[in-house]
Every structure is written in C-alpha cells, then in structure tokens.
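Undergrad: Okay, handing you the structure first.
The values are calculated or read from the model by the stated rules, or taken from the named source; none is laboratory data. Remember, predicted model here, so these are calculated numbers, not experimental data. Cβ coordinates were reconstructed from backbone atoms using ideal geometry, including for glycine residues, and neighbour counts include every protein chain displayed. Each accessible area value is taken on the protein alone, full model and side chains, heavy atoms only, with ligands, DNA and RNA left out. Shrake-Rupley method; radii C 1.70, N 1.55, O 1.52, S 1.80 Å.
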Amino acid sequence: MASNAKFLLAIFFTIALPCAPVRAAADADLSSAQRAYEASDYNKAVQILQDAAAKNPRDGEIHLLLAKSHFELSQYDAASSSAEKALAIAPDNSVYHEWLGRSLGERAARASWLSALSLARKAQQEFETAVKLDPRNFSAYQALIEYDCAAPGIAGGGEDKAQPKIAELAAMDVGEGHYAAGNCRRQKKDYAAADSEFDKALATAKSPNLIYDIGDYAAKRGQAGRLLAVVEAGLEHAPRDVREKFYRAAALILKREKPEEADRLLREYVKTAPVRTSYPHPAAVHEWLGKLAETRNDADAARREYETSLQLDPKNKSVKEALKRLGKS
C-alpha cells in the first residue's frame, strides 16, 4: 500500500508541478492587463490579453477582461465574441452573461432594424439568465429592468414586465429599487416621478455608479441642488472617487458660484479620471468649461472649449447648438 501511495503521489506531482508556472504566468498577464485597463490603455490591455488567451484559452477571466476592454474601445462584435468564449468555459457565471448582454445591446443600438430586434432580444435573454444565476447581481438586474422599461413590446419589453422586477429588487436593496424605479420613469420622460425616486435613491443607494448616474441625469436637467446631493452621497460611499469633482463643478457652474473652483475641479478631473463608459467623458468636461466661460462672458474661451468638446464627441447636439449660438469669432 505504501509503495502504491508513493507511486500515486509521484504521478500527481508530475502532472501538477508544470501547471503551477502556467497558472502563475496567467495571473501575471491578467494583473498586467488589469493595470492597463485601469489606466484606460485598452489597446495595451487587449494586446496582453490576446497573448494570454492564446496561452490559456480555458481561462474565463482573461476572456471577460478582454470583453470589457473591447467594450471600452467600442469594439462590440469583439466584446461579445470574448464574452461568449468566457461563457463556453463557465456557462453558469452570472457576470459573463451580463457582459454578453451589454455587448449585444450595444450592437443592437447600431444595427439595422431587423438585426437590432434579434440582438436586443438576445441581450434581454442574457440579462435574464444573469439574474437567475445570481439574483444579487444588481447591475444585471438594473440592465434588465432598463431594457423592459425602454424596449417596445415587439422587442419583448414593457413596463408591466419591469414593475414586478423593481419590486423584487427593492426587497433585496431599497436604494437599488428606488434607482430602478427612477430610471424607468426617466425612460418614460416622467421627470417629476423620476426626481422623486432618485432623491430616495440618493438617500439609500450604496453603489457609486448608480449615484453618479443620477448625477448625469441632474446635470442634463440643470438641477444644481440634486447635483450637490449626488456629491454628498458619492463622498459618503466612495470618498476617493474622482467623479465627485466633475459633478461638484457642474453644480457650481449652474449656481454661478466660485468659478475659479469650478474650473480647477474640472481640470483636475480630466487629468485623473479614467476614460470609461461609467465616467463623464473628456468631451463633457470641455462642454462644461465652455458653459463656465459663457457665465464669465468670455465668448472666445467658450468657443474654444466647445470646439474641443466637439472634436472629442462630434455627435453632441448641445455643443453644436452652443457654437451656433456663439457664432464665429
């Protein structure tokens, strides 16, 4: 028996030991790619991850980060392909389903009508699966509710489908429930109801992404008081989150107070914030700098900021309108 045990141990170590350096190398690649991702160097992250995936094709986390990196580069076909590879490895992973749904949703938004309908329904199915696998995957829950509120019946949406889900989410987390309800009312352009729900969310929500998404809503609606409430909630739950600077500056500009501080906050934000879908884009920073310059009656500076913003986001209608209003120098 002893000799058999030694023989089995020898076989085990013969198999296991070569795997350890491979696993260590994969972890090192993933860490390196994560650092590039956090630094908003998504092209570098993709390069590292593609090499890592070639060496470790059965590592789902590599494919997930690759999907996220492609997503930030607006390469949604590649993002969904990477998410599908992650799911082929771990089909019961809720987060993998969520990111496939997000990628398919972005593809649907850019596709022809017939293709968009098919892709949107697939995105909905992925969010539903993500929630079934992990009911506390709140970001997937929010995506599913938003889909139901925004999509027409022909695409499988409908507010009647969203309301029970909002109640289920609220039972697990009050703040998430109020945000979902507010977001649903925002989709329907019922802004008074959205305001009420978002105020309740700010008092109870813990997720910085939800808090600062309410900041986006408040900034677009010109709600300086709500922006300051966003800043307070953000500081409470994520005191190091740089988004606080952006929304505080927007509030000051709307209130026409402390222009020097608003200018400083925006410039600090754009130097340190990641360029990521959940963060205000540099184009938005320059748009607000343009608004600030207008409050100072400096049309030339405003025009320069708006032009910079438009270069970064050529589809921004409000910036185009601002430049048209200012006219040529």
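Undergrad: To the nearest 10 square angstrom, how much accessible area does ILE154 have with a 1.4 angstrom probe?
TA: Roll a 1.4 Å probe over it and ILE154 shows about 110 Å².
Undergrad: Counting alpha carbon pairs within less than 8 Å and at least 6 residues apart, what relative contact order, in whole percent, applies to the chain?
TA: It rounds to 7 percent for the chain.
Undergrad: Also, I was wondering about something else. Given an 8 Å cut-off on Cα distances and at least 6 residues of separation, report the relative contact order of segment 26-155 as a percent.
TA: 16 percent
Undergrad: Report the extension gain between ASP51 and LYS189 in nm, rounded to one decimal, defined as 0.36 nm multiplied by the number of residues separating them, less their alpha carbon distance.
TA: 45.1 nm
Undergrad: Related question: Give the separation of the Cα centroids, segment 260-312 to segment 84-121, in Å.
TA: Each part's Cα centre sits 33 Å from the other's.
Undergrad: For TRP99, TRP288, give me the order by solvent-accessible area with a 1.4 Å probe, most accessible first, ignoring ligands, DNA and RNA.
TA: If we order TRP99, TRP288 from most to least accessible, we get TRP99, TRP288.
Undergrad: Placing +1 at every Lys and Arg Cβ and -1 at every Asp and Glu Cβ, with all other atoms neutral, what dipole size does the chain have around its Cα centre, in debye to the nearest 20?
TA: For the chain, the charge dipole is close to 660 debye.
Undergrad: With n ≥ 4 as the cut-off for DSSP H runs, can you work out [θ] at 222 nm for the chain, using -39500 (n - 2.57) per run divided by the number of residues, rounded to the nearest 500?
TA: Estimated from H runs of four or more residues: -26500 deg cm²/dmol.
Undergrad: Which whole-angstrom value gives the distance between the alpha carbon centres of segment 197-242 and segment 47-64?
TA: Here the two parts' Cα centres lie 36 Å apart.
Undergrad: Label segment 40-132 by shape, choosing from rounded, prolate and oblate, from the square roots a ≥ b ≥ c of the eigenvalues of the Cα gyration tensor; if a/c is under 1.5 it is rounded, and otherwise prolate applies when a/b is larger than b/c, oblate when it is not.
TA: Judged from the Cα gyration tensor, segment 40-132 comes out oblate (a/c at least 1.5, b/c at or above a/b).
Undergrad: Now, a different point. DSSP H helices in the chain with Cα extent of 27 Å or more along the helix axis and mean Kyte-Doolittle hydropathy at least 0.5?
TA: Working: long enough: 2-38 (52 Å, 0.57); 113-133 (30 Å, 0.00).
Going by DSSP H runs, the hits are 2-38.
Undergrad: With every protein chain present, what accessible area does PHE138 have (1.4 Å probe, heavy atoms only), rounded to the nearest 10 Å²?
TA: About 30 Å², rounded to the nearest 10.
Undergrad: Accessible area, 1.4 Å probe, largest first: how do VAL95, VAL174, VAL46 sort?
TA: VAL174, VAL95, VAL46
Undergrad: Mind sorting out which of [x] 20.4, 66; [y] 23.2, 80; [z] 23.4, 92 is the real Rg and Dmax of the Cα atoms in Å computed from the coordinates?
TA: This structure yields the entry labelled [z].
Undergrad: Let me ask you something else. Where the accessible area of the chain is counted over protein heavy atoms with a 1.4 Å probe, how much of it, in %, is carbon and sulfur?
TA: 54 percent
Undergrad: Next up: Structure shown: which of LYS258/LYS291; LYS220/LYS324; LYS44/LYS320; LYS68/LYS220 lie over 24 Å apart, alpha-carbon to alpha-carbon?
TA: Checking Cα-Cα distances, LYS44/LYS320; LYS68/LYS220 exceed 24 Å.
Undergrad: Something else about it: Given Cα pairs under 8 Å that are at least 6 residues apart, what percent is the relative contact order of segment 221-329? Walk me through the numbers on the way to the answer.
TA: Working: 116 pairs, mean separation 20.4, N = 109.
It comes to 19 percent, rounded to a whole number.
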